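J.: Structure below; questions to follow.
Throughout, read-outs are computed from the coordinates displayed, never taken from laboratory work. Please read these numbers as outputs of a predicted model, since none were measured by experiment. With ideal geometry, Cβ positions are generated from the backbone for all residues, glycine too; neighbour counts draw on all protein chains shown.
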Amino acid sequence: MTRRLVALGWLAGAALLAGCANANPYPPVPAPLTEAMPKPPVSAEALTWQPGHWDWNGSGYVWQPGQYVPSAGHTNMWLPGYWAKTEGGWAWQPAHWQ
């Protein structure tokens, strides 16, 4: 009976650890900081506000403040940075226009 309980305990522990192997090992992305959107600068080209966002620098998150960027070349869909599971493990996907 004791051997069965020990074996069952080992199996349960192994199952729990196996489930953790796919978990993201990096800390969660912090909530965005609140920032005021200033008036756009005077410019000959159309500008779009790119919101501030967190970026991963290899050891932690760094806040990138919002800024006006040229509107040409991207859609209006802004995606904040996130962690994606890839064949090689977890990879940081930087914030970008889609």
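J.: Can you list residues whose amide H is under 5 Å from residue 71's amide H, if they're 5+ apart or on another chain and H is modeled 1.01 Å from N?
T.: Placed amide hydrogens put 46, 47, 48 under 5 Å from residue 71.
J.: If I take R0 = 35 Å and measure r between the Cβ atoms of residue 42 and residue 90 in this structure, what FRET efficiency does the formula 1/(1 + (r/R0)^6) give, to the nearest 0.05?
T.: Details: r = 43 Å, r/R0 = 1.22.
Efficiency, rounded to the nearest 0.05: 0.25.
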